[in-house]
Amino acid sequence: MNTITIVAGAAVFSFGLYNAILRRTAPDKLSRLKAMKDLFGDKNGDTVHLLAYAVAPLVAGAVFLFAGSQGVSLF
């Protein structure tokens with residue numbers, strides 16, 4: 001078990017979860033979402049933001065947590 005990797009994984013996963021929840025409950029609080037919608041259009045901006053700020057951190061956090069629990073040091 002690698003504590004540093006687990007803590008980093010929990011932080012990254014929490015960030016992704018926070019963004020996913022905030023997108024559903026209060027999307028007006030996400031300034032980067034508005035900026036991406038302005039830059040890419042509503043649908044594409046929403047998709048880019050979802051992938052970059054919710055899906056990628058959730059996947060990376062899960063990988064870090066799993067690796068840390070197996071004793072792998074990613075840092």
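Could you count how many residues in segment 28-58 are exposed (fewer than 13 other Cβ atoms within 10 Å of the Cβ) and within 20 Å of V12 (Cα to Cα)?
3
For V12, are the conditions met, namely being among the β-branched types (V, I, T) and crowded, with 16+ Cβ neighbours inside 10 Å?
Yes; evaluated as a whole, the condition is true for this residue.
Show the residue pairs meeting these rules: Cβ distance below 9 Å; 6+ apart or different chains; first residue within segment 57-75 and at positive phi; second residue in a helix (DSSP H, G or I) and of a type in the set (G, A, S).
The qualifying pairs do not exist here.
Every number here is computed from the coordinates shown, using simple stated rules; none is lab data. As the structure is a prediction and not an experimental result, all values here were calculated from the model. Note that we place each Cβ from the backbone using ideal geometry, even for glycine, and neighbour counts take in every protein chain shown.
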